[in-house]
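Below is one structure, written out as structure tokens, with a few remarks after it.
Each reported figure results from applying straightforward, stated rules to the coordinates on display, with no laboratory input. Only a predicted model underlies this, so the values are computations on that prediction, with no experimental measurement involved. Positions of Cβ are generated from backbone atoms using ideal geometry, with glycine treated the same way; all protein chains shown enter the neighbour counts.
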Amino acid sequence: MADSNRTNPEESAILSYKTSKILVVDDVPENLRLLKTLLKNEGYDVRFAPNAKFALASLTQFVPDLILLDIMMPEMDGYTLCEQLKRNPETQKIPVIFLTALNEGADKVKGFEVGAVDYITKPFQGEEVLARVAHHLKLTQLNLQLQEKNQILLQKNHQLQEAERETRLLLEVTQYLTQASTWEKAITQIIKSICDRIFWDYGEAWLPQEDTQTLSYLPNPFVTHPTLKPFCQLSSTLEFQAGEGLPGKIWQNQTLEWIQDITQAPEELYTRQSLALQIGLKCAFGMPILVNQKVMAILVFYQSQITPCQLNIVALVQAIASQISFLIQRKQSELQLQQQAQDLAQALHQLKTTQIQLIQSEKMSSLGQLVAGISHEINNPVNFIAGNIDHLESYIHDLIQVYYAYQQSYPVPSSSLTELIADLELDFTLTDLPNVILSMKSGTERITKIVNSLRRFAHLDESQLKTVDIHDEIESVLTILNNRLKLQSSPDMSPVNISEIQVERDYGQLPKLDCFAGDLNQAFMQILMNGIDALQERYHGEKEQPNFPYSLAIKTQWIQDLSQVQIQISDNGMGIPANIKPRIFDPFFTTKPVGKGTGMGMAISYQIIVEKHGGSLKCLDTPGHTTFAIALPQRPKKQ
């Protein structure tokens with residue numbers, strides 16, 4: 001239910017027009033008396049003028065809300081007076097009602113043309129006069145209220161536009177700070193946006209330097225005209241201590257400073273006064289940007305006009321300074337979180353590296369112990385066998401000589417002896433014995449070579465750098481992997497459809513390298529084994545095509561300018577899928593079935609080549625081919 005005490009605009013207009021002021025202009029006294037009686041009885045404030053001259057004089061001291069104007073008057077008629085009133089800005093909005101005995105349409109049209117709002121014809125009808133007067137006063141009051149409301153709406157609209165511009169400016173500030181790598185780099189754009197918004201001519205920033213305890217000038221200030229460049233050049237050469245100059249005072253007090261007139265500022269407050277005045281800068285103000293009670297920057301702005309402190313500008317720049325402060329704190333928090341994340345990632349990486357090193361160390365230790373045991377257990381009997389083969393060969397030679405001498409002495413053996421010689425195939429045995437001896441020598445040499453390759457691969461008791469021939473190291477690994485170079489179709493390794501992997505060597509002339517040979521051989525073996533696995537996978541996937549040229553290619557070369565050896569180990573297997581390639585050096589990543597691989601081989605190889613030797617290891621993969629490119633310095637850069 002509506003409040004009974006509340007009045008709407010129309011009711012307010014009715015209440016207010018009853019006290020309105022009316023000027024009546026008529027040269028007939030009877031008309032004046034009649035209108036005076038009618039209008040005063042209604043409560044109006046009425047003034048009278050007998051002619052146009054008196055009316056104009058009265059209007060200098062009495063401003064009515066409505067004019068009742070007779071048309072037919074001596075010296076100056078109503079039309080002429082109305083035209084004058086409408087030409088005068090002070091009276092042109094006062095409504096005029098003509099009083100006339102004329103009843104012609106042309107006369108009324110002329111009245112409206114000169115600015116009248118209505119007519120009252122003579123002789124007067126009291127009710128008509130009051131009704132028309134009340135109607136136009138009411139319209140006037142409502143128009144005034146409408147104008148006031150329009151003005152209020154315009155002001156509010158202006159305020160909304162200002163708020164929108166300020167919001168847009170704050171969003172720009174946020175965007176600059178978010179996109180910039182550091183908040184200092186965003187300040188230049190922020191200063192420009194502020195100057196564009198407040199229509200000031202020059203903006204600069206000063207940053208505290210903790211090492212020198214001074215304020216330094218931030219390059220690239222905002223200028224509206226080239227004539228301000230000398231001011232920039234001078235400012236770039238200056239430094240302020242706390243309390244020195246305008247920036248120094250703001251830094252010391254941590255509050256806004258506004259210099260309305262630079263000419264009136266003391267020199268200790270404004271040290272660049274003469275140059276500022278010379279190029280036309282007359283007003284300045286500065287604002288600190290505070291983060292946790294610490295000044296991070298000082299913004300200073302200049303105007304070419306003497307300007308008293310403007311609260312709206314102060315409020316705007318304070319809001320921007322607060323926004324910058326908040327965003328700086330947020331950015332600092334983000335940087336701290338990023339640093340913590342990086343520290344955690346580094347710690348995780350270090351943990352994985354340590355784990356890899358431990359695994360590698362344990363593997364090499366175990367391998368060394370195994371190789372040492374195997375070498376001892378194999379070398380002793382092999383050396384015994386090798387040492388006795390020569391004696392055995394000599395003994396057999398002697399026995400054969402005795403046999404032939406016996407044949408010469410007894411050319412016709414007994415029948416039983418002849419039968420025994422035939423059963424034993426003695427002639428074949430005598431012919432094959434040298435081959436057996438040769439085969440035994442070859443076997444012992446092969447065993448010795450494998451044992452030596454194992455020892456070279458493990459480099460027992462060699463934890464320090466050693467100067468080696470890389471080709472010898474690669475060959476020792478190939479010797480150990482010799483049996484795996486045979487692609488076999490059956491899981492029990494029976495010799496069914498065996499295809500040989502061809503090893504293509506393209507060795508360049510290399511100097512000897514200083515390296516951790518045992519570790520490096522482990523990396524070579526891992527890369528070669530991966531190539532063999534890829535070829536085995538292709539062999540099975542293509543249903544055993546014996547005629548396909550399964551191959552491993554090893555190429556080495558010396559790059560003199562870089563003082564490094566480059567090694568490429570390639571296979572023509574299935575290739576590495578694009579989605580897997582970025583992860584092949586990640587610890588514990590494997591594509592092999594459970595139990596077939598730990599995912600540590602390539603990670604260990606990377607750690608050995610890159611981190612331990614300061615080299616590089618890259619995978620250059622194309623469909624149907626995989627190449628691992630290794631680069632090794634002549635001496636490790638990292639140990």
Output the peptides 151-158, 252-259, 523-530 sorted from most to least packed, where packing is the average of other Cβ atoms within 10 Å over each peptide's residues.
523-530, 252-259, 151-158
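Which net charge results for the neighbourhood of Lys156, defined as the other residues with beta-carbon distances under 11 angstrom from its beta-carbon, given Lys and Arg at +1 and Asp and Glu at -1? Numbers along the way, then the final one.
Working: positive: Lys149; negative: Glu162.
Net charge around Lys156: 0.
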Amide H contacts under 5 Å for Tyr202, restricted to residues at least 5 apart in sequence or on another chain and with H modeled in the peptide plane, are Tyr302
Rounded to whole Hz, the Karplus (6.51, -1.76, 1.60) HN-Hα couplings of the range 417-431, x for glycine and proline:
5, 4, 5, 5, 4, 5, 4, 7, 6, 5, 4, 5, 4, 4, 6
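Over the residues of the range 149-273, compute the C-alpha Rg and express it relative to 2.2 N^0.38 Å. Mind dumping the intermediate values first?
Numbers: Rg = 17.5 Å, N = 125, 2.2 N^0.38 = 13.8 Å.
Output field value: 1.27.
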For a Förster distance of 41 Å, can you work out the FRET efficiency between the beta-carbons of Thr80 and Gln159, rounded to the nearest 0.05?
0.35
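Taking 29 Å as the cut-off for C-alpha to C-alpha distance, list the pairs among Lys512/Lys618; Lys21/Lys149; Lys108/Lys138; Lys93/Lys122; Lys40/Lys156; Lys229/Lys294 that go past it.
Pairs exceeding the cut-off: Lys40/Lys156; Lys229/Lys294.
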Partner aspartates and glutamates whose C-alpha sits under 18 Å from that of Lys53, ignoring same-chain residues fewer than 8 away, are Asp26, Asp27, Asp70, Glu75, Asp77, Glu83, Glu90
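Contact order normalised by length for the range 9-149, with contacts defined as Cα pairs under 8 Å and 6 or more residues apart; what percent is it? Intermediate results must be reported in sequence, preceding the final value.
Numbers: 194 pairs, mean separation 35.0, N = 141.
Dividing the mean separation by the residue count of the range 9-149 yields 25 percent.
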1/(1 + (r/R0)^6) with r = Cβ-Cβ of Thr167 and Asp107, R0 = 56 Å, i.e. FRET efficiency to nearest 0.05, evaluates to 0.40
Net charge near Thr263 (other residues with Cβ under 14 Å of its Cβ; Lys, Arg +1; Asp, Glu -1) is 0
Interchain or sequence-distant (5+) residues whose placed amide H lies within less than 5 Å of the amide H of Leu552 are Gln502, Val503, Glu504
Kindly rank 45-52, 430-437 from highest to lowest mean number of other beta carbons found within 10 Å of each residue.
45-52, 430-437
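Which order results if Val129, Val24, Val477 are arranged by neighbouring Cβ count within 10 Å, fewest first?
On the way: Val129 19, Val24 25, Val477 22.
Exposure proxy ranking, most exposed first: Val129, Val477, Val24.
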Put a dot 7 Å past each Cα toward the Cβ at Ile559 and Lys331; how far apart are the dots in nm?
3.9
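At R0 = 22 Å, how high is the FRET efficiency between Glu267 and Gln241 if r is their beta carbon distance? Nearest 0.05 is fine. Could the numbers behind the result be given before it?
Details: r = 16 Å, r/R0 = 0.71.
About 0.90, to the nearest 0.05.
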Rounded to whole Hz and in sequence order, give me ³J(HN,Hα) for the range 549-561 from the Karplus expression 6.51 cos²θ - 1.76 cosθ + 1.60, θ = phi - 60°, writing x for Gly and Pro.
x, 5, 8, 10, 10, 10, 10, 10, 7, 9, 9, 4, 4
Simple SL model, points at 7 angstrom along Cα→Cβ for Asp27 and Phe54; separation in nm is 1.2
Ranked highest first by average number of other Cβ atoms within 10 Å, how do 54-60, 414-420, 189-195 line up?
189-195, 54-60, 414-420
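Taking the Cβ of Gln305 as the center, what net charge do the other residues with Cβ under 11 Å away carry, scoring Lys and Arg +1 and Asp and Glu -1? Show your work: numbers first, answer last.
Working: positive: Lys282; negative: Asp201, Asp261.
So the environment of Gln305 carries a net charge of -1.
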List the residues, sorted by chain then number, that are 5 or more residues from Gly614 or on another chain and whose placed amide H is less than 5 Å from its amide H.
Lys637, Lys638
